[in-house]
1. Could you say which residue among VAL172, VAL162, VAL139, VAL198 is closer than 25 Å to LEU26 by Cβ and crowded, with 17+ Cβ neighbours inside 10 Å?
2. Give segment 158-202 a look and list any residue that's without any contact (Cβ under 8 Å) to a residue 60 or more places away in the chain and within 19 Å of ALA108 (Cβ to Cβ), or say none.
3. Would you confirm, using the coordinates I've provided, whether THR113 is exposed (fewer than 14 other Cβ atoms within 10 Å of the Cβ) and closer than 22 Å to ASN158 by Cβ?
4. With the requirement that a residue be in contact with a Phe, Trp or Tyr (Cβ under 8 Å, 6 or more places away or on another chain) and over 22 Å from THR99 (Cβ atoms), what does segment 153-187 give you?
5. Restricting the search to segment 148-157, which residues are in contact (Cβ under 8 Å) with a residue 40 or more places away in the chain, buried (at least 18 other Cβ atoms within 10 Å of the Cβ) and either touching a strand residue (DSSP E or B) at 6+ places or on another chain (Cβ under 7 Å) or among the aliphatic types (A, V, I, L, M) (or both)?
6. Is there a residue in segment 81-94 that is closer than 19 Å to ALA164 by Cα and in contact with a Leu (Cβ under 6 Å, 6 or more places away or on another chain)?
7. Pick out, from segment 72-150, the helices (runs of 4 or more DSSP H) lying fully within it that include 3 or more residues that are over 24 Å from the mean Cα position of the chain (by Cα).
Amino acid sequence: MFDLHGYFPFILKGMLVTVEVALVSLFIAVTLGMLGALAKLSKSGIARGVANVYTTIIRGVPDLVLMMIIFFGGQLVVNDIAEAFGWGYVDISPFIAGTLTIGFIFGAYMSETFRGGILAVSRGEIEAGYAFGMTGRQVFFRITLPAMVRHALPGFGNNWMVLAKATALVSVIGLHDMVYNANQAGGTTRQPFTFLLVVALLYLLITGLSDLALRWADKKYSVGVRRA
């Protein structure tokens, strides 16, 4: 159906980079999201303030602008520091810049998702844990966290789907993901539409498989829960 002129392995190689960016970014986003959620629920005004500033900035600045600021601005800051210490030129990897940026962006969205999930946990379950003599740490890891997962899964799944598609942004900073490779192949063959259509289908494959995994997780964490 598609004449890719032998470039399909080149596109698949880019797809592997895309998946790697998505998974590393997800790890960063989940870590920042949990820290952000705990900060927003903290009794410390400073922690809540920092978390609120973080989420406000992310919501107000476009993802592409943040990507460019972190990649190019970070390059300048790092090399200013390197020059001050007498080090040589430091070249920031597009992979590191891309994953940090996407993880940083979606960490803000994950923090709201996790915060809502934690607040949805029944107070009675938490009090029952303390009644059994559990410490605050035990209550969190044995009761709050597992129960929170069920409530947070729908929002988490939505964030993951958007994050997976947002990986296309890394192509603008020179990372050889499948969008970048497709643009290169399309420019060489003068068939950009064909290669971008293939990329669209591959993204649908990633999100389709993700949807199946999320459905399985939702079923697993909803065992014993009555549906309305």
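The values are calculated or read from the model by the stated rules, or taken from the named source; none is laboratory data. Worth saying up front: this structure is predicted, and the values here are computed from it rather than measured. Cβ: placed from backbone, ideal geometry, glycine included. Neighbour counts: every protein chain shown.
1. Values: VAL172 fails: crowded, with 17+ Cβ neighbours inside 10 Å; VAL162 fails: crowded, with 17+ Cβ neighbours inside 10 Å; VAL139 fails: closer than 25 Å to LEU26 by Cβ.
Among VAL172, VAL162, VAL139, VAL198, only VAL198 is closer than 25 Å to LEU26 by Cβ and crowded, with 17+ Cβ neighbours inside 10 Å.
2. The answer is ASN158, MET161, VAL162, LYS165.
3. no
4. LEU153, ALA185, GLY186, listed by residue number.
5. LEU153
6. yes
7. Result: 74-84, 123-131, 136-139.
Okay, residues lined up against (1) among the hydroxyl-bearing types (Ser, Thr, Tyr); (2) more than 16 Å from PHE114 (Cβ to Cβ); (3) at pLDDT below 95; (4) out of contact with any Gly (no Cβ under 8 Å at 6 or more places or on another chain):
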residue: VAL24; (1), (2), (3), (4): no, yes, no, no
residue: MET34; (1), (2), (3), (4): no, no, yes, yes
residue: SER42; (1), (2), (3), (4): yes, no, yes, yes
residue: ILE57; (1), (2), (3), (4): no, yes, yes, yes
residue: ASP63; (1), (2), (3), (4): no, yes, yes, yes
residue: ILE69; (1), (2), (3), (4): no, yes, yes, yes
residue: VAL77; (1), (2), (3), (4): no, yes, yes, yes
residue: PHE85; (1), (2), (3), (4): no, yes, yes, yes
